[in-house]
Amino acid sequence: MGKFHVAKFHWSKMVWILSTITTVILIGASISTLLIPNQGLEMGTLIVMICILPLPIICFALSPRHLYLIDNSLIIKRWVGRVTIPTQDITSVEEADKWIILRSTRTMGNGGYFGYYGHYYNVHYGKFRMFATETTNLYLIRTNRRNYVISCTNKELITELQNKIKGMTKK
């Protein structure tokens, strides 16, 4: 195993606030609905509240946790599962600004609840998968198969990734 780099995804203040408030509301509303007797709730309402309870756990589990650059792979580690991008598939890594988040459409993504992740679409960048926990330190990674947007505060990891790509294109 060669040299590797690790970067922890840092939640922005906005992600912390949004995640905390939303979790408290979702869990509080569900639990209070289930625990308060004789509300005359319909069965449909009860089923919806039971389905809402696991939502915070699922969203948290899918949120990005660490970014690893190991040998020939860029690995996005989530609390449950990971996404591996072979470095030989990467064609470019470039800085992106917060407008890539703010002006993109979530096609099957999360817009701030434990991060910004999932499938997105942008007029300028096309379809991409996002794994970010802040609207700064964003990078667009273009590959042969699809595009990715990540947030990363470890500039050394990004520089090493760019150097790997430059080294592969010279061969």
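The values are calculated or read from the model by the stated rules, or taken from the named source; none is laboratory data. Worth saying up front: this structure is predicted, and the values here are computed from it rather than measured. So basically every Cβ, Gly included, is an ideal-geometry build from the backbone, and we count neighbours across all protein chains shown. Just so you know, the surface numbers come from the protein's heavy atoms only, side chains and all, with ligands and any DNA or RNA stripped out. Shrake-Rupley method; radii C 1.70, N 1.55, O 1.52, S 1.80 Å.
Things worth noting here:
- Helix axis angle, 43-52 relative to the chain longest principal axis, alpha carbon, degrees: 30 degrees
- Rounded to the nearest 20, the Cβ-based charge dipole of the chain about its Cα centre (Lys and Arg +1, Asp and Glu -1) stands at 620 debye.
- Crossing angle, helix 155-170 versus the chain [Cα axis fit, 0-90 degrees, rounded to tens]: 50 degrees
- Within the accessible area of the chain (1.4 Å probe), percent carbon and sulfur: 60 percent
- Sparse-neighbourhood loop sites, trypsin sites (Lys or Arg not before Pro) in segment 94-133 - DSSP loop, at most 14 other Cβ within 10 angstrom: 98, 103
- Label of the coordinate-derived value, Cα extents along the principal axes in Å, listed as (i) 73, 60, 30; (ii) 72, 37, 27; (iii) 88, 38, 29: (ii)
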